[in-house]
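Q: Below you'll find the structure I mean.
The values are calculated or read from the model by the stated rules, or taken from the named source; none is laboratory data. These numbers were taken from a predicted model, which means no experiment stands behind them. Cβ atoms come from the backbone with ideal geometry, glycine included; neighbour counts cover every protein chain shown. These area figures cover heavy atoms from the full protein model, side chains too; ligands, DNA and RNA do not enter into them. Shrake-Rupley method; radii C 1.70, N 1.55, O 1.52, S 1.80 Å.
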Amino acid sequence: MLRWLEEQKYSISTPEQLADKIDISGKELAQLQKVCSRFRMQITPYYLDLIDFDDPKDPLRKMAVPDIRELRFRKGELADPIGDTNEDLDNQPVKAITHRYEDRVLLYPTPECGGYCRYCFRRRLAGKEDFQLTKKQLDKALDYIEKHNEIHEVILTGGDPLMLIDEKVFAILDRLKAMEHVWTIRIHTRMPVWNPYRITDELAEGLKRFNPVWIVTHFNHPRELSDIAVEHIAKLVDNGIPVLNQGVLLKGVNDDIETQRELNWALVRARVKPYYMHHLDKAQGISHFRASIKRGMNILRELRGTIPGYCIPHFILDIPGGYGKIPMQYHYLNSNGNGGIIVETPFNELRKYEDGVDQKAGEARDLDEMKPLELYPEEIMEKIGGNGDS
Ligand SMILES: *Cc1c(COP(=O)(O)O)cnc(C)c1O
């Protein structure tokens, strides 16, 4: 049997199996049973080895081992936190497709994952039988893409599309490749984290045939970039497949500057471009992972200038309802309303700059006269309620 299939087969998926491997009390076992009856657990032997079970606060443990707090749903938390299924927006024309942006669609070929992240934003469907697609439903989803010429990119997501065997992955890609209006294919997968053995030579060489295929993976902590993970990612990159990373800002896992610096350096050293750092979505039972937007912005601000520019991901907020991703930018700009702006340098100094040709040198104003740069016309400011002081 292929190593990756063995890893899946011998995964820990019940509290009893976990209790066999590590020391847990009877109370902890009972709690695990409760959580697992609601949200699936699955930890590969490979990932289990990365966890330091001597440390109760081990960040990798937090991401993999269920916690009783997952059953504590908070007000404002939602089953579908980013509106994948918002009917008002008519985002889901057929089963297994979300079509929110005109030029690209999400396609969910399977709800299965290599492991189940404790902070998953699609936990309402991840690993659930009801979301399994039949061959007919998959064909219908592909027919939809075929009929819509405005779609230029198809993003395979899930679940984890690489839980499908090569044959099935390639069958989907074959159909997409035959559609002239589909220019790029993206595969969103956490297999390089849960089970790097999934990236076989056969897979990497097979994907190469469908170029341009972009892989977007999901590392959250530098220790997840083990030698084995790095070695398997290299198979993709050596076959000319670009790899990006999207992580999530997680309290107690990676919400500090040192961990983020190490993570993003480790990614770039593995030839993976940090793409997005997501703000935690408001999925049910994950509030113990929540770090604030302010914290995320401060991290980005500190990263700027202290690691190479291309090591820095965009910080992304996806508000409930399905309205799309919003990059959270640290405000570098302040203005005197006259083309004069103040910028904050990566070394925390405020400097003046005249936008355009400086006609009146020496007329720069005092710093305390400056106010936030107004980019929006007045009517927009009125619509959103003035200057945002409220
Ligand atoms: C995140 C997402 C995408 C991809 O967005 P990018 O910014 O291109 O990575 C596409 N469709 C939906 C519905 C999404 O949620």
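Q: So how strong a dipole does the chain carry about its Cα centre when Lys and Arg Cβ are +1 and Asp and Glu Cβ are -1, to the nearest 20 debye?
A: 920 debye
Q: Here is a further query. At most 13 other Cβ atoms within 10 Å and a DSSP loop assignment: could you name the trypsin sites (Lys or Arg not before Pro) in region 149-226 that fit?
A: Filter output for region 149-226: R209.
Q: Looking at the chain as a GNM with Cα springs under 10 Å, which of T345, T98, T259 has the largest mean-square fluctuation?
A: T345
Q: Okay, which of region 199-215 sit inside 19 Å, backbone N to the point 7 Å along the Cα-Cβ direction of Y10?
A: Inside the label zone: 199-200.
Q: Using only alpha carbons, build the gyration tensor for region 197-331 and give me the equivalent ellipsoid semi-axes, biggest first, whole Å.
A: Rounded to whole Å, the semi-axes are 27, 17, 14.
Q: Tell me, which longest segment in the chain has none of the GluC sites (Glu not before Pro) that fall in DSSP loops with at most 13 further Cβ atoms within 10 Å?
A: 181-348
Q: In addition: Across every pair of different alpha-carbon atoms, what Kirkwood hydrodynamic radius in Å does the chain reach?
A: 23.0 Å is the Kirkwood radius here.
Q: At a 1.4 Å probe radius, carbon and sulfur cover how many percent of the accessible area of the chain?
A: After summing per-atom areas, the C and S share lands at 50 percent.
Q: So, for the chain, what is the accessible surface per residue at a probe of 1.4 Å, expressed in square angstrom?
A: Using a 1.4 Å probe on heavy atoms only, each residue of the chain averages 52 Å².
Q: Using alpha-carbon positions, what is the distance between the centroids of region 254-304 and region 215-231, in Å?
A: 14 Å
Q: Still on this model: Cα axis of helix 26-38 to longest principal axis of the chain: angle in degrees, 0 to 90, nearest 10?
A: 80 degrees
Q: Here's a follow-up. Calculate, for D174 and E28, the FRET efficiency according to 1/(1 + (r/R0)^6) with r their C-beta to C-beta distance and R0 51 Å; round to the nearest 0.05.
A: 0.60
Q: Working out 0.36 nm times the residue gap between K294 and D55, then minus their Cα-Cα distance, what length gain in nm do you get to one decimal?
A: Taking 0.36 nm per residue and subtracting the Cα distance, the gain is 83.2 nm.
Q: Which peptide among 154-164, 134-144 comes first, and what is the full order, when sorted by highest mean count of other Cβ atoms within 10 Å?
A: Listed from highest to lowest mean packing, they are 154-164, 134-144.
Q: Please name whichever of H148, G114, L71 sits farthest to the positive end of the charge dipole of the chain, dipole taken about the Cα centre and charges placed at Cβ: Lys and Arg +1, Asp and Glu -1.
A: The residue sitting most towards the positive pole is L71.
Q: Continuing with the same structure: Please build a GNM for the chain, connecting alpha carbons under 10 Å apart, and tell me which residue among G83, G309, G252 fluctuates the most.
A: G309
Q: In addition: For F315, which sequence-distant residues (separation of 5 or more, or a different chain) have an amide H within less than 5 Å of its own amide H, given hydrogens modelled in the peptide plane?
A: HN-HN under 5 Å from F315: M277, M328.
Q: With 15 Å as the cut-off, how large is the P(r) tail for region 3-70, expressed as percent of Cα-Cα pairs?
A: Distances greater than 15 Å cover 51 percent of the Cα pairs.
Q: Can you give the FRET efficiency to the nearest 0.05 for L350 and F73, using r as the Cβ-Cβ distance and R₀ = 25 Å?
A: For R0 = 25 Å, the calculated efficiency reads 0.05.
Q: Could you work out how far helix 135-147 tilts from the main Cα principal axis of the chain, as a 0 to 90 degree angle to the nearest 10?
A: Roughly 30 degrees, rounded to the nearest 10.
Q: Run the paramagnetic zone check for K208: 7 angstrom along Cα to Cβ, then residues of region 144-170 with backbone nitrogen under 12 Å.
A: none
Q: Can you sort S292, S37 by 1.4 Å-probe accessible area, starting with the largest?
A: These residues rank, largest area first, as S37, S292.
Q: So, one more: Name the long-range amide H neighbours of D256: under 5 Å, sequence gap of 5 or more, or other chain; modelled H, no Pro or chain starts.
A: Amide H neighbours of D256: none.
Q: Could you work out how far helix 293-303 tilts from the main Cα principal axis of the chain, as a 0 to 90 degree angle to the nearest 10?
A: 80 degrees
Q: Also, I was wondering about something else. Placing +1 on the Cβ of each Lys and Arg and -1 on the Cβ of each Asp and Glu in the chain, which of V216, M41, V237 has its Cα farthest towards the positive end of the resulting dipole?
A: The listed residue farthest towards the positive side: M41.
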